[in-house]
């Protein structure tokens, strides 16, 4: 830990406490039961360089070379200081000595010293467990009039308490009435930074404490990254306001649901017939989807109205905004965040959902090969209206082939996105890996092949001829199923004609044997390999193709526009006079 980080964290913490009007920070730890001895201070001081000692103990004025003389001088100067300054100088000397240690994990005394350096002395009350028991009722009463941040160590065994004492105290405090504004944190060395996210969840569930009501703060942040400690302290202090914001938002959502339900109920039977039945029937849409659209529209409009009514949300947001702007950001906190996962969830519909519900083929559907070791995936970039299956079970016009663009994970992430590539944001589970769509690597695949993925709950492209359509499939796709069965029945018949039969004689049989390889590849497409399985009735056609995910409509339309822009790029004649070293080509990949 360097002085610059310590000073930056100290400044941030002071700003956080002042902005939130936190008048007191109560820190309860069994290490506070033991005051810093003069011998400990002298021992630490004697191990410091002269400049370092003067920096943390300026009252010494000068540092003698002789260690015994230094010890005597420290005692003399110490006796002239008031109690508050003695505590501050004592912690500062121990902290400075810790900075020069051999790299071992700091002791609880070291952590207490660092905390005293980070939190202004006039705000910090360091209490032993016994002192907490004596003063807690008064402290809780005072916290109603002056905002107080309570920090508890976890393990009180040094003074005869339990190893889980801290979390038990927090549980009891937050269970009391009128404690909605209480700010609590578990500051402990028993949990490492790596364990913090999981342990926070575990403690919340094990002790029945909502996660919004407390935070777990590893003590290692104090020594390893005081800026991260400041950031978590900021989040701890903001928790009550965040809880209030979520509570008010949930109230608005519930009210908006009721209002949206009433608006849906008020839609006349004439309008419902037109919106929910007649129009979807023309386009092959699922009727309940239209009702959900109506409800979503009414809910959004009512939510927006209620959110701005009265100004309550803006008042809470303003409080959060002021504190959030205080510079106390550490990159390490991103390792604990689930924001990446949530963003992926917004942008991509899972294959489990779209396949189990037999959702139709859509722009943005993502496919992969089910054989081989390739990590390549492919995204469908066809115009949505062209892909739509109408109520007749047909497309208008009927597509022969549709474009699948490659999605690749480069061995090395490029410094900038290459020409005619587009990044797939949040596609991977890790922010360290970036996937790209390559618009000049497009395969044109039979639409009838990809349609097979819609018919199977695992998303694989397969069909057993003459079976009935799946019962949960949309009406338009039930008719589509008949077209698909007819198409693939004809394809299978071609293979059957070329297959050797018992009645075949002489040259015919020999020729059919020679074209066996051709017949086996008859179902192969430009990208995916097909196989014919079984004989007689119940024969199946299967491809090494599976629908695994779907990009959101908005993002997929953006990709489609980029793809069409690639196709429409200008191709100029080669210039006569341009120097080869500066020549460019519009077709560069």
Odd one out for residue 433 among (1) over 30 Å from residue 277 (Cβ atoms); (2) touching a residue at least 60 places away in the same chain (Cβ under 8 Å): (2)
Count of region 204-222 residues which are crowded, with 19+ Cβ neighbours inside 10 Å and part of a helix (DSSP H, G or I): 4
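For region 149-159, check the following and say yes or no: at least one residue is touching a strand residue (DSSP E or B) at 6+ places or on another chain (Cβ under 9 Å) and surrounded by fewer than 17 Cβ atoms within 10 Å (Cβ to Cβ).
no
Does region 223-238 hold any residues that are in contact with a strand residue (DSSP E or B) (Cβ under 8 Å, 6 or more places away or on another chain) and crowded, with 21+ Cβ neighbours inside 10 Å, and which are they?
If the condition is that a residue be in contact with a strand residue (DSSP E or B) (Cβ under 8 Å, 6 or more places away or on another chain) and crowded, with 21+ Cβ neighbours inside 10 Å, then 229, 232, 233, 236, 237 are the ones that fit.
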Some residue of region 381-391 being at pLDDT 90 or above, in a strand (DSSP E or B), touching a strand residue (DSSP E or B) at 6+ places or on another chain (Cβ under 8 Å) and surrounded by 14 or more Cβ atoms within 10 Å (Cβ to Cβ): no
Single residue of 541, 515, 533 found to be touching a residue at least 40 places away in the same chain (Cβ under 8 Å) and in the same structural domain as residue 400 (by TED's automatic domain parsing): 541
Pairs where the first residue, in region 467-495, is surrounded by 18 or more Cβ atoms within 10 Å (Cβ to Cβ) and the second is in a helix (DSSP H, G or I) and at pLDDT 90 or above, C-beta under 6 Å, 6+ apart: 484/451
Within region 519-550, tally of residues that are farther than 16 Å from residue 463 by Cα and surrounded by 17 or more Cβ atoms within 10 Å (Cβ to Cβ): 5
In region 392-409, the residues that are surrounded by 17 or more Cβ atoms within 10 Å (Cβ to Cβ) and in contact (Cβ under 8 Å) with a residue 40 or more places away in the chain: 393, 395, 399, 402, 403, 404, 405, 407
Pick from region 55-79, criterion under 18 Å from residue 114 (Cα atoms) and touching a helix residue (DSSP H, G or I) at 6+ places or on another chain (Cβ under 6 Å), ranking: surrounded by the fewest Cβ atoms within 10 Å (Cβ to Cβ): 56
Number of the exception - residue 425 against (1) buried (at least 17 other Cβ atoms within 10 Å of the Cβ); (2) under 26 Å from the mean Cα position of the chain (by Cα): (1)
Considering residues of region 502-518 that are in contact with a helix residue (DSSP H, G or I) (Cβ under 8 Å, 6 or more places away or on another chain) and surrounded by fewer than 16 Cβ atoms within 10 Å (Cβ to Cβ) only, the residue nearest to residue 448 (Cα to Cα): 518
Residue check, residue 201 at pLDDT 85 or above, out of contact with any strand residue (DSSP E or B) (no Cβ under 7 Å at 6 or more places or on another chain) and part of a helix (DSSP H, G or I): yes
Hey, residue 342 loosely packed, with under 14 Cβ neighbours inside 10 Å and under 25 Å from the mean Cα position of the chain (by Cα) or not: yes
Selected residue (only one of 232, 217, 252 is in contact (Cβ under 8 Å) with a residue 40 or more places away in the chain and within 25 Å of residue 302 (Cβ to Cβ)): 252
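The values are calculated or read from the model by the stated rules, or taken from the named source; none is laboratory data. On a predicted model such as this, the values are computed, not experimentally measured, just so you know. Here Cβ is always computed from backbone atoms with ideal geometry, including for glycine, and neighbour counts include all displayed protein chains.
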